[in-house]
1. Taking the options 212, 227, name whichever one is touching a residue at least 12 places away in the same chain (Cβ under 8 Å) and over 17 Å from residue 102 (Cα atoms).
2. Outside the structural domain of residue 48 (by TED's automatic domain parsing) and part of a loop (DSSP other than H, G, I, E, B): does that describe residue 169?
3. Scan region 165-173 and tell me whether some residue there is touching a helix residue (DSSP H, G or I) at 6+ places or on another chain (Cβ under 7 Å), surrounded by 20 or more Cβ atoms within 10 Å (Cβ to Cβ) and in contact (Cβ under 8 Å) with a residue 12 or more places away in the chain.
4. Going by the conditions given, is residue 144 under 23 Å from residue 240 (Cα atoms), at pLDDT 95 or above and either outside the structural domain of residue 88 (by TED's automatic domain parsing) or touching a helix residue (DSSP H, G or I) at 6+ places or on another chain (Cβ under 8 Å) (or both)?
5. State whether the residues of region 188-206 include one that is in the same structural domain as residue 219 (by TED's automatic domain parsing) and in a helix (DSSP H, G or I).
6. Pull out all pairs, ordered by first then second residue, where Cβ-Cβ is under 9 Å, the residues are six or more apart or on different chains, the first lies in region 34-56 and is in contact (Cβ under 8 Å) with a residue 60 or more places away in the chain, and the second is surrounded by 13 or more Cβ atoms within 10 Å (Cβ to Cβ).
7. Quick one: which of 112, 100, 158 is in contact with a strand residue (DSSP E or B) (Cβ under 8 Å, 6 or more places away or on another chain), farther than 20 Å from residue 236 by Cβ and in contact (Cβ under 8 Å) with a residue 40 or more places away in the chain?
8. So which residues in region 137-166 are within 16 Å of residue 109 (Cα to Cα) and not in a loop (DSSP other than H, G, I, E, B)?
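The values are calculated or read from the model by the stated rules, or taken from the named source; none is laboratory data. This structure is a prediction, so every number in the text was calculated from the model and none was measured. Note: ideal-geometry Cβ built from the backbone for every residue, glycine included; neighbour counts use all protein chains shown.
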């Protein structure tokens, strides 16, 4: 269940991030599909707390740097992300592809950090984006860490929505795919969530929490280098487990 006022506040912040320019009261109300009175009340609250300022009567409102300062302070204190950062950045540089750090959040995975490829054609995930378990490599990696009884329960309740013609929507076939990934120690998808996108992932369990590290990029670029990418993923996971003092499970070092 969502809280309407909180949703409107987040919609407003995301709108400014998208537009990157001052917006008038009428423009904000129209874009947010809110009454002028409700939009005015929301703006006044943010003005009073120092999160918005009026650039001019004609141009409208724009966020102050207060939000950035607070978000930077929060990001700097994020557990584990600083420890993971150098390793994941090196993995991006070695593979030339986008690297994702994700974590299980209910029956989905959430993107905690993104290390974007420098190539012009690349994977564009967003931090904070929620993705399904059944059609992502990171989601399958999370499924693969579950005890068998939990896996059966989760697969039974998942909504196996079809995102592309390659999405697995049959529960038995999905269970077989997860079991295959568990045996080899890594997981992959080819076009299951986004056509022409291939992703490779390994699970990472630290402090009783399940994370996943993913390499993603165009299939035609990732597939020929799959063996090397898998090897780098496994080495990165092993290094992170050592550096965080966690015990890692066994995994194959070469793809099937």
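1. Numbers: 212 fails: over 17 Å from residue 102 (Cα atoms).
After applying the criteria, what remains is 227.
2. Details: outside the structural domain of residue 48 (by TED's automatic domain parsing): yes; part of a loop (DSSP other than H, G, I, E, B): yes.
Taking the combined requirement at face value, the residue satisfies it.
3. Taking region 165-173 as the starting set, the residues that turn out to be touching a helix residue (DSSP H, G or I) at 6+ places or on another chain (Cβ under 7 Å) are 168, 171.
If we keep only those that are surrounded by 20 or more Cβ atoms within 10 Å (Cβ to Cβ) as well, we get none.
Within region 165-173 (the criterion being touching a helix residue (DSSP H, G or I) at 6+ places or on another chain (Cβ under 7 Å), surrounded by 20 or more Cβ atoms within 10 Å (Cβ to Cβ) and in contact (Cβ under 8 Å) with a residue 12 or more places away in the chain), the answer is no, since none of the residues qualifies.
4. Yes, satisfied.
5. Within region 188-206, the first condition is being in the same structural domain as residue 219 (by TED's automatic domain parsing), and the residues that meet it are 188-206.
Checking the rest, the ones that are also in a helix (DSSP H, G or I) come to none.
No, region 188-206 has no match at all.
6. Filtered contacts from region 34-56: no entries.
7. Working: 112 fails: farther than 20 Å from residue 236 by Cβ; 100 fails: farther than 20 Å from residue 236 by Cβ.
Step by step, each of 112, 100, 158 is checked, and only 158 is in contact with a strand residue (DSSP E or B) (Cβ under 8 Å, 6 or more places away or on another chain), farther than 20 Å from residue 236 by Cβ and in contact (Cβ under 8 Å) with a residue 40 or more places away in the chain.
8. Answer for region 137-166, where residues must be within 16 Å of residue 109 (Cα to Cα) and not in a loop (DSSP other than H, G, I, E, B): 137, 138, 139, 140, 141, 142, 143, 144, 151, 154, 155, 157.
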